[in-house]
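The values are calculated or read from the model by the stated rules, or taken from the named source; none is laboratory data. Keep in mind it's a predicted model, so treat the numbers as computed, not measured. With ideal geometry, Cβ positions are generated from the backbone for all residues, glycine too; neighbour counts draw on all protein chains shown. We work out accessible area using only protein heavy atoms, side chains counted, and drop any ligands, DNA or RNA first. Shrake-Rupley method; radii C 1.70, N 1.55, O 1.52, S 1.80 Å.
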Amino acid sequence: MAGKVFFSVTMSLDGFIAPESVPVDDFFAPDKQDDPDVQRWMAQWRELQQWIFPQRFFQENLKLGEGGEEGRDNDIARETFERTGASVMGKRMFELGEQAWPEDAPFHTPVFVVTHEKRDPWERPGGTIFHFVNDGIETALDQAREAAGDRDVRIAGGGATILEYVNAGLIDEFSIALSPVLFGSGIHLFEGVDADRVALEQVRAEPTQRVTHLTYTVRER
């Protein structure tokens with residue numbers, strides 16, 4: 001079990017990784033599709049993530065068709081996927097993805113969902129199996145490490161789950177794709193971080209035409 005624990009997110013220039021929260025059910029309820037809050041959330045999310053949608057790897061992994069851009073952005077998306085042997089996510093991220101992901105979910109590895117819900121594992125085509133962990137973030141991480149073997153464990157999100165792992169001292173490394181957009185409000189990545197405990201060392205800053213990729217190692221102060 002030699003792999004790292006990491007997260008990889010896209011962030012706006014003012015520090016947000018998602019727009020203001022909208023109830024999960026509103027995204028899929030027919031009578032909410034024209035709701036201004038839902039429309040605004042979707043528009044902001046698309047703008048934030050604009051760098052990833054055209055990439056060849058993204059298109060292939062979600063079975064959206066052939067073709068797409070190749071280059072450093074595409075390489076980084078592929079490298080992030082290939083290093084990941086298991087993922088951990090929070091309940092809200094899972095609930096949103098459960099309805100939005102294709103049947104062949106894009107992980108193709110075990111995924112451990114931190115939740116209070118008791119539920120049998122949910123197996124999807126293509127190798128994704130969702131396991132539901134009811135006794136905390138450390139248990140979820142232990143199970144993910146075992147499943148990942150010598151590959152890395154990705155803390156997939158959302159923001160509150162990532163922050164829990166950061167403040168618990170359980171993150172080894174993280175990457176941010178810094179997107180040239182401003183939100184003004186939303187889900188702030190580091191709001192509530194234990195800054196007295198966490199110290200960072202920058203190991204990469206790589207600009208592309210669409211975003212700047214930043215990578216940091218994490219250590220205790």
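Simple point charges give the picture: +1 on the Cβ of Lys and Arg, -1 on the Cβ of Asp and Glu, and for the stretch 146-221 a dipole about the Cα centre of about 280 debye.
Calculate for the chain the 222 nm mean residue ellipticity that helices alone would give, adding -39,500 (n - 2.57) per DSSP H run of length 4 or more and normalising by residue count, nearest 500 deg cm²/dmol.
Working: 6 runs with 62 residues, N = 221.
Helix contribution divided over all residues of the chain: -8500 deg cm²/dmol.
Looking at the calculated P(r) for the chain, what percent of the C-alpha pair distances fall above 25 Å? Provide the component values of the computation, followed by the final result.
Details: 9814 of 24310 pairs.
Of all Cα-Cα distances in the chain, 40 percent exceed 25 Å.
Classify the stretch 89-214 from the C-alpha gyration tensor, please: rounded if a/c falls under 1.5, else prolate or oblate depending on whether a/b exceeds b/c.
Working: a/c = 1.64, a/b = 1.39, b/c = 1.18.
Prolate, since a/c reaches 1.5 and a/b exceeds b/c.
For the stretch 67-171, the residue among 96, 163, 126 whose Cα projects farthest onto the positive side of the dipole built from Cβ charges is 163. Remark: the stretch 152-168, residue by residue, has Karplus-estimated 3J(HN,Hα) of 8, 9, 9, 7, 6, x, x, x, 5, 5, 4, 4, 4, 5, 4, 5, 7 Hz, where x stands for each Gly or Pro and the curve is 6.51 cos²θ - 1.76 cosθ + 1.60 at θ = phi - 60°. Based on protein heavy atoms only, the chain ends up with 51 Å² per residue of surface accessible to a 1.4 Å probe. Magnitude of the charge dipole for the chain, about its Cα centre and with charges confined to Cβ atoms of Lys, Arg (+1) and Asp, Glu (-1), is about 380 debye. Per atom type, the chain shows carbon and sulfur on 49% of its accessible surface, probed at 1.4 Å.
Scanning the chain for GluC sites (Glu not before Pro) in DSSP loops with at most 15 neighbouring Cβ atoms within 10 Å leaves 118-190 as the longest stretch between them.
Classify the stretch 25-136 from the C-alpha gyration tensor, please: rounded if a/c falls under 1.5, else prolate or oblate depending on whether a/b exceeds b/c. It is oblate, given that a/c is not under 1.5 and a/b is not larger than b/c. Neighbours of residue 152 by Cβ distance under 12 Å: Lys/Arg scored +1, Asp/Glu scored -1, total 0.
Projecting the Cα atoms of 179, 139, 200 onto the dipole axis of the stretch 134-221, where Lys and Arg carry +1 and Asp and Glu carry -1 at the beta carbon, places 179 farthest toward the positive end. Computed from backbone phi, the HN-Hα couplings of the stretch 90-103 come to x, 5, 5, 4, 5, 4, 5, x, 4, 8, 9, 5, x, 4 Hz, rounded to whole numbers (Karplus: 6.51 cos²θ - 1.76 cosθ + 1.60, θ = phi - 60°; Gly and Pro given as x). Ranked from largest to smallest solvent-accessible area, with a 1.4 Å probe on the protein heavy atoms, 11, 42, 89 come out as 42, 11, 89.
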